[in-house]
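Worksheet: one structure, shown below.
The values are calculated or read from the model by the stated rules, or taken from the named source; none is laboratory data. What you see is a predicted model, and the numbers here were worked out from it, not measured in a lab. Cβ: placed from backbone, ideal geometry, glycine included. Neighbour counts: every protein chain shown.
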Amino acid sequence: MKTVGILGGGQLGCMLSEALFNYGAKVIFYDPEPRSPSFHRSAKHFCGAWNDRKLLEHFFSQCDVVTYEFENVAVNLLTSLINKTQTPLYPSENILAITQNRIQEKNFLLQNNFPVCFFKECNSLEDFLKNMQLFSFPYIIKTVVGGYDGKGQWLIHDKISQDKFITEISANEFTPYIIEEKINIFCEASCIVARNLNSDKVCLPIFDNIHKNQILFQTHIPSHLPENLQNKLTEIAIKAADKLNVIGLLTTEFFITKQKSSNKFHTECIDGFYIYVNEFAPRPHNSGHISRNACTSSQYDLLARVLLNIPLHTPKIFSGHFCMENMLGNIWLNEGQQKNLNLKSWQAHPNVTAITLYGKEDAQINRKMGHFICHAESYDLCNLYANNFREELNESKKH
Ligand code: ADP
Ligand code: MG
């Protein structure tokens with residue numbers, strides 16, 4: 001029986017553990033949060049800081065293979081743990097070094113001729129002041145490390161917001177940023193590739209993603225994008241997984257626009273749609289939750305198979321349309337900080353076919369606390385059912 005270590009015990013790690021248990025594996029979690037919901041799931045866990053070398057070494061030494069749902073562990077520390085314990089990390093620390101740093105990631109895209117939006121890296125205030133002049137409003141500034149769900153990002157609309165940002169960063173020690181053109185997005189999409197030790201690859205279908213406030217709001221499948229375009233996205237995602245030599249999962253996030261950018265960087269155009277790679281995630285992805293209900297193999301199942309060396313099968317979509325919608329802490333706070341969500345209204349919504357709650361104790365604004373799935377005959381009906389259910393969840397306090 002294999003023991004798999006998971007760095008990070010959030011919802012991604014928890015759902016991965018379910019898939020690993022299906023194949024009889026043991027799972028050990030490592031997470032700094034003592035109330036991590038993952039700690040109820042496995043017989044053994046380690047609670048320690050991300051830089052606690054001694055504890056991490058102990059954790060690695062207990063595992064046959066380690067993977068991660070949390071991407072911000074120092075790569076040099078991971079490298080020394082792998083060398084010391086001889087426990088492999090999948091996907092490898094070299095991939096993490098690229099994907100945890102937006103400059104490395106964008107430069108990887110540029111160097112390998114992947115389509116990427118116009119960006120400039122800024123390693124000093126002087127760089128920043130010079131480079132910002134290359135962008136017209138609106139543009140986006142992002143921290144190089146540590147951002148997620150839109151955190152560490154600033155949309156600069158005009159000279160006033162630009163001046164405000166400059167005043168703020170001038171008052172503090174400079175941390176590196178990238179500046180990106182703002183894409184006029186027609187659709188966001190993701191493609192998840194699973195790749196194993198034999199370099200066999202399978203892909204989940206293309207997911208259409210809708211964001212609100214830079215946080216994933218809904219994922220829909222099947223994708224409504226033209227087939228040619230979907231094939232191109234899959235081809236790019238596979239090429240990236242091969243180039244990075246991923247053992248595990250690689251999610252590629254795409255921006256699709258109908259407006260050609262004036263930038264000189266590489267872009268791909270299919271039938272009037274321009275494609276840009278936004279970023280990679282070498283782990284299960286929020287958009288991939290939908291694969292648990294809508295596909296013959298989920299992203300978690302595929303990763304479990306790679307980690308346990310079980311052959312992969314190409315996932316197929318079940319018939320009909322599916323929509324996954326994130327449930328944020330706002331719903332819980334609406335209900336007056338109750339720990340248990342009031343799910344009475346679910347009874348009246350038979351097309352809401354699944355609800356997954358993550359067991360997080362503190363509801364916070366914009367914190368991902370769970371998600372629900374709708375299944376219907378069409379995209380429009382899925383949307384309608386999701387809207388109705390969301391409205392009732394948000395209203396339930398008043399009943
Ligand atoms: P993270 O997911 O790590 O928070 P992203 O770079 O994926 O960071 O940004 C989150 C969301 O913000 C994207 O999915 C997209 O909706 C929006 N966004 C980010 N960069 C751009 C851009 N250059 N143009 C338009 N929208 C963007
Ligand atoms: Mg993203």
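Restricting attention to the stretch 13-31, the residues that are under 23 Å from the mean Cα position of the chain (by Cα) and either closer than 23 Å to residue 72 by Cα or touching a residue at least 24 places away in the same chain (Cβ under 8 Å) (or both) total 13. The set of residues in the stretch 82-94 being assigned to a helix (DSSP H, G or I) and either out of contact with any strand residue (DSSP E or B) (no Cβ under 8 Å at 6 or more places or on another chain) or modelled with pLDDT under 95 (or both) consists of 83, 84, 85, 93, 94.
Among the small types (Gly, Ala, Ser), within 24 Å of the chain's Cα centre (by Cα) and within 16 Å of ligand 1 (Cβ to nearest atom), is that true of residue 288? For residue 288, the condition - among the small types (Gly, Ala, Ser), within 24 Å of the chain's Cα centre (by Cα) and within 16 Å of ligand 1 (Cβ to nearest atom) - is met.
If you go through the stretch 16-27 and keep only what is surrounded by fewer than 22 Cβ atoms within 10 Å (Cβ to Cβ) and either within 20 Å of residue 290 (Cβ to Cβ) or of a type in the set (Val, Ile, Thr) (or both), you end up with 18, 22. The residues of the stretch 108-133 that are more than 19 Å from residue 275 (Cβ to Cβ), of a type outside the set (D, E, K, R) and free of Cβ contacts under 8 Å to residues at least 40 places away in the same chain, listed by number, are 129, 133. Quick one: would you say residue 255 is surrounded by fewer than 23 Cβ atoms within 10 Å (Cβ to Cβ) and either within 16 Å of ligand 2 (Cβ to nearest atom) or within 27 Å of residue 106 (Cβ to Cβ) (or both)? Judged against the criteria, residue 255 is a match. Within the stretch 212-235, the set of residues being more than 28 Å from residue 328 (Cβ to Cβ) and either touching a strand residue (DSSP E or B) at 6+ places or on another chain (Cβ under 9 Å) or buried (at least 21 other Cβ atoms within 10 Å of the Cβ) (or both) comprises 226, 228, 229, 230, 231, 232, 234.
Scanning the stretch 236-245 for residues that are free of Cβ contacts under 8 Å to residues at least 60 places away in the same chain and either surrounded by fewer than 21 Cβ atoms within 10 Å (Cβ to Cβ) or within 16 Å of ligand 2 (Cβ to nearest atom) (or both) gives 237, 238, 242. The condition (being closer than 30 Å to residue 367 by Cα, within 16 Å of ligand 2 (Cβ to nearest atom) and part of a helix (DSSP H, G or I)) is satisfied by just one residue among 142, 106: 106.
Determine if the stretch 346-366 includes at least one residue that is more than 16 Å from ligand 2 (Cβ to nearest atom), touching a residue at least 60 places away in the same chain (Cβ under 8 Å) and part of a helix (DSSP H, G or I). So far as the stretch 346-366 goes, no, none of its residues is more than 16 Å from ligand 2 (Cβ to nearest atom), touching a residue at least 60 places away in the same chain (Cβ under 8 Å) and part of a helix (DSSP H, G or I).
Collect the residues in the stretch 194-211 that are surrounded by 24 or more Cβ atoms within 10 Å (Cβ to Cβ) and in a strand (DSSP E or B), keeping them in residue-number order. Correct list: 194, 195, 207. Among the candidates 320, 288, 248, the residue that is out of contact with any Phe, Trp or Tyr (no Cβ under 6 Å at 6 or more places or on another chain) and either within 30 Å of residue 145 (Cα to Cα) or buried (at least 24 other Cβ atoms within 10 Å of the Cβ) (or both) is uniquely 288. Tallying residues that are touching a Cys at 6+ places or on another chain (Cβ under 8 Å), part of a loop (DSSP other than H, G, I, E, B) and either farther than 30 Å from residue 230 by Cβ or more than 16 Å from ligand 2 (Cβ to nearest atom) (or both) within the stretch 145-190 yields 1. Scanning the stretch 31-61 for residues that are within 16 Å of residue 4 (Cβ to Cβ), assigned to a loop (DSSP other than H, G, I, E, B) and either at pLDDT 95 or above or of a type in the set (Gly, Ala, Ser) (or both) yields 31, 42, 43.
Within the stretch 1-30, the residues that satisfy the criterion of being in contact with an Asp or Glu (Cβ under 8 Å, 6 or more places away or on another chain), assigned to a loop (DSSP other than H, G, I, E, B) and farther than 13 Å from residue 62 by Cβ are 8, 9, 10. The single residue among 265, 273, 280 that is at pLDDT below 95, of a type outside the set (S, T, N, Q) and within 16 Å of ligand 1 (Cβ to nearest atom) turns out to be 265.
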